[in-house]
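In what follows, a structure is listed as structure tokens, so that the remarks can point back to it.
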Amino acid sequence: MGISKKMSNLGTETAFDVLARAAALASKGMDVINLGIGQPDFPTPPPIVEAGIKAMRDGHHGYTAANGIPALRETVADDIFKRRDVRVSADNILIMPGGKPTMSFAIEMFGEDGAEILYPNPGFPIYESMIRYSGATPVPIPLKEENGFSFNAEEVLSLLNDKTRLIILNSPANPTGGVIAKEELDALVRGLIQWPDIYILSDEIYSRMLYDGQSHHSLLSYPEIRDRLIILDGWSKTYAMTGWRLGWGLWPDKLVPEITRLCVNYHSCVNAAAQYAGITALTMDQSPVQEMMTAFDRRRLLVHERLNALPGISCILPKGAFYAFANIQDSGLSSRQMQEKLLEQHGIATIAGTSFGDYGEGYIRLSYANSMENINRAMDRMETALKS
Ligand code: PLP
């Protein structure tokens, strides 16, 4: 075969495989309840859709600048000030086709043979996949249930060495719904002062998805690391826009020419109409976002209560995003066995914790981006499954 060796290092995101298998089972007549894929079950709010249609009608059909249209980058800069209380220049913002490219490009930029990159485990599977693909060695930051799926800063700092190029953090987190404790972030940043050459990628795609009155604590709050900080965020989750492929990255000055070159090489620019729709999303009345979060919150409490009532299952209350990471260690099944049993025999799509890394063994991820009715039906089926 003629393809390069590094292709064998590239992993995947199992959620898409489970989605395809759930669809295949459904096409054979099985009633599958999908708690697998991580996307809001709401449509994109109408004003955003209208703005996209208007942009098409107004003739925005061509390429845009590789880094995105200026009006959108200015709007993102204003939004960062509004929500993270830090003034940034629109010149440091790169509009991307989704949240993912900011992470893939950052990993590509720093990863090579001999380099080490720290990443959360369990964590979004693309981190480890892209690190391996880049040739770098993935070094897991273990996220443990007893720490609320946050980390211990001392433990993270002990993993650093001269080969470390990049640290990836994600809060609120996929797949655990955990939030990194502020004191651990403070301690991590203090420790990072000793390591001025290490960059940080903070994946804040769930920054607007927090519960119980918490506010988002961005890595941008630390001026001492700002010249080596990359922030990833976007529209997919907050505005139910996963299929529009729209995200943004905030990059330090010295990396802006590098990331712009990667964009030109890979995708030229982001779909123009989606970019116009993105301006409307950030500037419109935000009540659709609040309504969505109110619905997620109700489902979060329901899924938490019902999971903890199941034999052999426990689950800590998720603090953010729309995932519950259920502990199945007393069920006698591995994560993969539980995923298979629930899908094939009971028509419930969930994702094995090991799809998010080795530290996910003993857990399954349930996305509660589904109706209360379907969550209740899924929990009834799980009860039957666990008793059989
Ligand atoms: N980062 C995390 C932690 C995610 O969970 C996801 C999507 O599930 C992404 C990034 C990618 O988002 P997008 O669909 O905008 O590429």
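The values are calculated or read from the model by the stated rules, or taken from the named source; none is laboratory data. Small disclaimer: the values here were computed from a predicted structure and weren't measured. Here Cβ is always computed from backbone atoms with ideal geometry, including for glycine, and neighbour counts include all displayed protein chains. The accessibility values were calculated without ligands, DNA or RNA, using every heavy atom of the protein model including side chains. Shrake-Rupley method; radii C 1.70, N 1.55, O 1.52, S 1.80 Å.
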For the ranges 339-352, 132-145, what's the packing order if you count other beta-carbon atoms within 10 Å of each residue, average per peptide, and put the highest first?
339-352, 132-145
Quick one: which residues, 5 or more positions from residue 30 or on another chain, have an amide H under 5 Å from its amide H? H modelled 1.01 Å from N in the peptide plane, none for Pro or chain starts.
none
Using a Förster distance of 30 Å, how high is the FRET efficiency between residue 227 and residue 12, based on the Cβ-Cβ distance and rounded to 0.05?
0.35
Quick one: Cα centre-to-centre distance for segment 77-131 and segment 146-205, in angstrom?
14 Å
HN-Hα couplings for segment 26-33 via Karplus (6.51, -1.76, 1.60; θ = phi - 60°), in whole Hz with x for Gly/Pro, come out as 5, 5, 8, x, 7, 8, 9, 9
Given 0.36 nm per residue, what is the gain on full extension from residue 268 to residue 112 after removing their alpha carbon distance, in nm?
53.7 nm
What lysines could a cross-link reach from residue 28, if we take a straight Cα to Cα line under 27 Å and drop same-chain neighbours fewer than 8 places away?
341, 387
Which percent of the accessible heavy-atom area of the chain goes to carbon and sulfur, probe 1.4 angstrom?
51 percent
Find the lysine pairs in segment 62-283 meeting two conditions, Cα atoms under 22 Å apart and a separation of 8 or more places or different chains, and report how many there are.
6
Please list 3J(HN,Hα) in residue order for segment 298-309, calculated via the Karplus relation 6.51 cos²θ - 1.76 cosθ + 1.60 where θ = phi - 60°; whole Hz, with x for glycine and proline.
4, 5, 4, 5, 5, 5, 5, 5, 6, 4, 5, 8
Label points 7 Å out from Cα along the Cβ direction at residue 283 and residue 89: separation in nm?
2.3 nm
In nm, give the distance between the simple-model label positions of residue 290 and residue 317, each being 7 Å from the Cα along the Cα-to-Cβ direction.
2.2 nm
Estimated FRET transfer efficiency when R0 is 35 angstrom, pair residue 147-residue 383 (beta carbons, to 0.05):
0.75
At residue 82 and residue 190, where each label point lies 7 Å from the Cα along Cα→Cβ, what is the point-to-point distance in nanometres?
3.5 nm
Cα-Cα pairs of the chain separated by more than 31 Å (percent)
37 percent
If you count the DSSP beta bridges with both ends in segment 62-283, what percent of them are antiparallel, to the nearest 5?
30 percent
